[in-house]
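This report refers to the structure that appears directly beneath it.
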Amino acid sequence: MNRINVNETVAITELGFNKKLVAYPRRMEFRGRVYEFVDAGLRCLVQSGGRMAQILTLSDGHSLYRLKSDASGGIWTLVSITND
């Protein structure tokens, strides 16, 4: 597996909802390309000091994308891409 560290802000252009009605990214735009995710992926909440963030690992069927959002869910950062 090849992991590429990115750490760049991305645009989330479509949201989906899981069975508990929690929103998650369905489509992302990064460097002029559109990525569509196949499911809700894995979610982890992280708290550091007084700050809270969520980390999601999502797949487009080919690669894994690790995304981080601030507590409000307004700013999304693509942390890394892992290819098979």
Subject >> Approximate spin-label separation R31-K19, in nm, with each point projected 7 Å along Cα-to-Cβ >> reply: 3.7
Subject >> Size of electric dipole in the chain: Cβ of Lys, Arg +1 and of Asp, Glu -1, about Cα centre, debye, nearest 20 >> reply: 220
Subject >> (i) -0.24, -0.46, -1.03; (ii) -0.27, -0.51, -1.10; (iii) -0.59, -0.73, -1.07, with the label sought being that of the calculated log10 I(q)/I(0) by the Debye sum over Cα atoms at q = 0.11, 0.15, 0.22 Å⁻¹ >> reply: (ii)
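Bear in mind these aren't lab numbers, they're just calculated from the coordinates by the rules spelled out. If you're wondering where the values come from, they're calculated on a predicted model, not measured in any experiment. Cβ coordinates were reconstructed from backbone atoms using ideal geometry, including for glycine residues, and neighbour counts include every protein chain displayed.
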